Every structure is written in C-alpha cells, then in structure tokens.
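K.L.:
I have a structure I would like to understand better, so I am pasting it below and will then ask my questions one at a time.
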Amino acid sequence: MLKKFLSTAALAVLSTVVQAETWPNKPVSLIVPFPPGGSSDAVARALGPKLQERFGQTFLVDNRAGATGTIGATQVKRAPADGYTFLVTSLGPLVIAPHLLKAVPYDAGKDFDYLTVAVQAPNVLVVPASSAHKSVADVLAFQKANPDKMSFASSGNGSSDHLTAELFWLQTNTSGLHIPYKGGGPAISDLLGGQVDAGFMNINSVIQHIHAGKLKALAITSEKRSPLLPNVPTLGESGVKGADVQSWQAVVAPKGLPADIRTKMHDALVAALADPKLRQQFTSLGFEIVASTPEQFVAFQQRENARWKQLIETRKITAD
C-alpha cells in the first residue's frame, strides 16, 4: 500500500515537472472580467501577441463580464492551476468588489497566485468644456455652497472613478451627487454632452477629449503631474491631501500554479512590458509601466485591500 502511494506521488510530481517543461503546448486563455474596450481589455490585447511571440503558442483574450468583475475572477479561481488560464484585471475584483458584494465566491487574498501589476494610471477630474468651473477651488466652493447638487459620473458603483469621488468628498468634507453608469463609455458620453457636471475618469479614457478641448481637466490624482498633462495640477497641489489614486491592471492565476510556469509567465510579462513599442503604446495613453514582482504584488494587494475596505465601510458604499 505504501509503495503504491509513493509511486502515485512520484508520478504526480513527474507529471507536474513534465507539464512545466512543455508548457504551453495548447492555447492559453487570458480572461478579462469586463466588456471589450476597457483598460483591462486593452492591456490583455496588447500583451497577448507578445506572449504568443515568445512562446509560439496562441494566447486568447476571453471577455467574461458581469457582477463588477467577479464572474470572470470566479471562473479563473475555479480553473485548473496548470498555466492555461490567467486573469487580466483591474483592481476592482481583487481589492474592491469583495467589500461591496455580500457573497463573492472567492477569497482574493488566498485563491490566486499574484504574478505582476502590469501598469497603473491616475484618474483625472474633468468637467465639460462648457462648465464654469476652472479649478478644484471652484468645485470645492460650489459643493460647499450647494451640498449634494454637483453630479459626478462614474463607470459604476465601486469603480475606481466612483471611489475616487468618495475619497475626494471625504477628504474635503464636501458632498456631491454620484451618477453611476454601466461602463466608462456612457459616463464619458454624458460628460461630453454636459448632462453631468464632473467625473474622476481614467486618464487613458479621456486624454483625447482633453487634448481636443471637449473636456477640461482640473486636477490629476497622481502624486506628480503627468507628462501628458503637464499644466494640470495634482490634487495635492490643489490643496486636497490624501486623495492620491492610481487605477491599475494586473495578471493573476489560479492558486497553485507550478513554480516553473509561474516564473516563465512572469518573465514573459516583464519582457513584454519592457518592449519599446509596447511601452510607447501604453505611456502614450497615460499608463505607467509597473511590472512588479509577485512578492511586491502581494504586499501591494494587501495595502490596497485595506485602503479601499476602510473607505467603503466609512462611506457605507454598496454595489446596488
């Protein structure tokens, strides 16, 4: 009986070693838990060809949207940890949704192997071109004189743009009217049309409208000014402290990914992000390349998780 157990264990180890040595020998899925066209989707579609080029195998982007990103994340959690399913996601499913939804079917801190934070980007406080507001000071003065009157668009409850607005109100002791949309596209459309007063939008989603003069950028949520918007002050410069926010996109795998595959995939992701053409493609949109190590990513996830959990509880934010 012992011999049989040992031989079975030895075969399992041998199988894992062989699997890691031959990986990938079939198409690999990059699950994006959001609809096509968003930041996570753009990152996945930029990384896919580079991974395909490196490994000589197909990397397919598979959009599995719904439930603030948790449907796609759950699919990856339940997938075999064999290197053929990865999640390319924003911060939402990993550090926000678990605190917004009552029954998320995964533990973000325990059910995934964290590979790398690929990129990050700040949000920009924008108003329609026709808005009378020309600075953060204007916005604060209006909100203090008119509590809950100034409307702020977001791509949905619990999105980074929504939580940035909540953080902004918390840190300035003001209040506005949150208008959640089903995605960033509709929110930006109504901002352009003047149906909503303001929004903290991802820089990559509004940079072209700012340059075209269709939206006015009043402040950026990074610690330093963006080279793409050198004349736009940070929130800190505008007198709002403690509201620095970076939205980020990352790659994770089901828990238990073989160490050799994890190393190969991480190395490939870092190499792709270091490619001059890809780097230029990302930075031109306002993304900053991060390419963190798995250890750095784990520590970062824990800090971000604690930060957003506290804000969500303080502000009593729900997904409804």
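The values are calculated or read from the model by the stated rules, or taken from the named source; none is laboratory data. Since the structure is predicted, the reported quantities are computational estimates derived from the model, not experimental observations. Note that each Cβ is placed from the backbone with ideal geometry, even for glycine, and that neighbours are counted across all protein chains shown. In case anyone asks, the SASA skips ligands and DNA or RNA and just uses the protein heavy atoms, side chains included. Shrake-Rupley method; radii C 1.70, N 1.55, O 1.52, S 1.80 Å.
K.L.:
Can you work out the FRET efficiency for the pair Gln302 and Ser135, with r the C-beta to C-beta distance and R0 = 30 Å, to the nearest 0.05?
P.N.:
The pair Gln302/Ser135 has a calculated efficiency of 0.25.
K.L.:
When DSSP assigns beta bridges and you keep just the ones with both residues in the chain, what percent turn out antiparallel, to the nearest 5?
P.N.:
60
K.L.:
Of the residues Glu53, Glu223, Glu288, which exhibits the maximal mean-square fluctuation in a Gaussian network model of the chain defined by a 10 Å Cα contact cut-off?
P.N.:
Largest GNM mean-square fluctuation: Glu53.
K.L.:
Additional query: Assuming a viscosity of 1.306 mPa s and a temperature of 10 °C, what translational diffusion coefficient in µm² per second does Stokes-Einstein assign to the stretch 172-320, Rh being the Kirkwood radius over Cα pairs?
P.N.:
Here the translational diffusion coefficient equals 87 µm²/s.
K.L.:
Choose one of Ala108, Ala42, Thr68: the residue whose Cα lies farthest towards the positive end of the charge dipole of the stretch 17-109 (beta-carbon charges +1 Lys, Arg; -1 Asp, Glu; about the Cα centre).
P.N.:
Of the candidates, Thr68 comes out farthest on the positive side.
K.L.:
Can you give the charge dipole size of the chain about its Cα centre, rounded to the nearest 20 debye, using +1 on the beta carbon of Lys and Arg and -1 on the beta carbon of Asp and Glu?
P.N.:
280
K.L.:
Shifting gears a bit: Using a 1.4 Å probe on the protein heavy atoms, what percent of the accessible area of the chain belongs to carbon and sulfur?
P.N.:
That share works out to 54 percent.
K.L.:
Sketch the reach of a paramagnetic label on Thr318 as a point 7 Å from Cα along Cα-to-Cβ, and name the residues of the stretch 51-95 whose backbone nitrogen lies under 18 Å away.
P.N.:
Taking a point 7 Å out along Cα→Cβ of Thr318, the residues of the stretch 51-95 whose backbone N falls under 18 Å are 67-68.
K.L.:
Looking at the square roots a ≥ b ≥ c of the eigenvalues of the Cα gyration tensor of the stretch 40-84, which shape do they give, rounded for a/c under 1.5, prolate if a/b is larger than b/c, or oblate?
P.N.:
oblate
K.L.:
When DSSP beta bridges are limited to those with both residues in the stretch 127-216, what percentage is antiparallel, rounded to the nearest 5?
P.N.:
Within the stretch 127-216, antiparallel bridges account for around 25 percent of the total.
K.L.:
Kindly provide the Kirkwood hydrodynamic radius of the stretch 247-315 in Å, to one decimal, from all pairs of distinct alpha carbon atoms.
P.N.:
Across the stretch 247-315, the inverse of the average 1/r is 14.1 Å.
K.L.:
Roughly speaking, what % of Cα-Cα pairs in the stretch 53-200 are separated by over 18 Å, rounded to a whole number?
P.N.:
Everything past 18 Å amounts to 64 percent.
K.L.:
Another question about this same structure. So if each residue of separation counts as 0.36 nm, and I subtract the Cα-Cα distance between Asp107 and Lys255, what length gain in nm does that give?
P.N.:
Length difference between fully extended and current span is 52.2 nm.
K.L.:
Given the rule -39500 (n - 2.57) for each run of at least 4 DSSP H residues, summed and divided by the residues of the chain, what is its mean residue ellipticity at 222 nm, to the nearest 500 deg cm²/dmol?
P.N.:
It lands at -13500 deg cm²/dmol.
K.L.:
Could you work out which residue, out of Asp113, Asp148, Asp41, moves most in a Gaussian network model of the chain, that is, has the largest mean-square fluctuation with Cα springs under 10 Å?
P.N.:
Ranking Asp113, Asp148, Asp41 by mean-square fluctuation puts Asp148 first.
K.L.:
Hey, another quick one. Please state, rounded to one decimal and in Å, the Kirkwood hydrodynamic radius that the stretch 61-109 gives when every pair of distinct Cα atoms enters the mean of 1/r.
P.N.:
Computed over Cα pairs of the stretch 61-109, the Kirkwood hydrodynamic radius comes out at 11.1 Å.
K.L.:
Probe of 1.4 angstrom, ligands and nucleic acids ignored: what's the accessible area per residue over the chain, in square angstrom?
P.N.:
Heavy-atom accessible area per residue stands at 46 Å².
K.L.:
Tell me the Rg and the Dmax, in Å, that the Cα atoms of the chain produce.
P.N.:
Considering the chain through its Cα atoms, Rg and Dmax are 21.2, 81 Å.
K.L.:
In nm, to one decimal, how far is the Ala67 label point from the Ile289 one, both placed 7 Å along Cα→Cβ?
P.N.:
Rounded to a tenth, the inter-label distance reads 3.6 nm.
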